[in-house]
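Everything below concerns the one structure shown next.
Here, each number is a calculation from the coordinates, and none is a lab measurement. Everything numeric in this text was worked out from a predicted model, so none of it was measured. Please note: Cβ atoms are built from the backbone with ideal geometry, for glycine as well, and neighbour counts cover all protein chains shown.
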Amino acid sequence: MAEIFRYEHRVTYAECTVGDHIYHSRYLDLLEAARGEFMRSLGTTVLELQAQDFIFPVIEARLHYKFPARYDDLLTIEVRPTLVERVRLNFGHRVTNQNGKLILEAETFHACTSRDEKPKRLPTELTEKLKLTLSQEIEANRTHK
């Protein structure tokens, strides 16, 4: 069974509102950081992909806020690909706190483009790694049903 990629983040004071919870838009920064580390875990970095003229702008994001994360919480952010097609790449995310409480569920939708923002096929090597991760998750879900 495939290991789910997890990224840990300690909530900083700068990320919080006066109400002592993470400001809603800051979650997008956390998801971005987790996706960057996920790519690194696949053997490449976002910077290396940019150098090869591949960027992955977010074209849509859906965030479902379940419970507030607070200053000094230790968050675990799970990242998994949910769609890997020609020029499209989507990721699912789950954020939980140190007690396992679900904080956020999200999905981000990306296009693969060149640096001049023209659509471009996903790099072959990256596509293979992402599809392997995707197929392992599908298989793991089948065995748990």
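With respect to LEU49, is the statement that it is within 21 Å of LYS120 (Cα to Cα), in contact (Cβ under 8 Å) with a residue 12 or more places away in the chain, surrounded by 15 or more Cβ atoms within 10 Å (Cβ to Cβ) and touching a helix residue (DSSP H, G or I) at 6+ places or on another chain (Cβ under 6 Å) true? Answer is no for this residue. Counting only residues that are touching a residue at least 60 places away in the same chain (Cβ under 8 Å), surrounded by 14 or more Cβ atoms within 10 Å (Cβ to Cβ) and out of contact with any Gly (no Cβ under 9 Å at 6 or more places or on another chain), the range 103-117 holds 1 of them. Selection of first residues in the range 90-102 that are under 27 Å from LEU126 (Cβ atoms) and touching a residue at least 12 places away in the same chain (Cβ under 8 Å) and of second residues that are surrounded by fewer than 17 Cβ atoms within 10 Å (Cβ to Cβ) and among the β-branched types (Val, Ile, Thr), restricted to Cβ pairs under 7 Å at least 6 apart or on distinct chains, gives the following pairs, ordered by first then second residue: ASN90/THR82; PHE91/THR82; GLY92/THR82. Residues in the range 75-87 that are loosely packed, with under 15 Cβ neighbours inside 10 Å and assigned to a strand (DSSP E or B): THR82, LEU83, GLU85. For the range 28-36, check the following and say yes or no: at least one residue is surrounded by 14 or more Cβ atoms within 10 Å (Cβ to Cβ) and farther than 24 Å from LEU134 by Cβ. No, the conditions are met nowhere in the range 28-36. Surrounded by 12 or more Cβ atoms within 10 Å (Cβ to Cβ) and assigned to a loop (DSSP other than H, G, I, E, B), is that true of ASP72? Considered against the rule, which asks whether it is surrounded by 12 or more Cβ atoms within 10 Å (Cβ to Cβ) and assigned to a loop (DSSP other than H, G, I, E, B), ASP72 comes out as yes.
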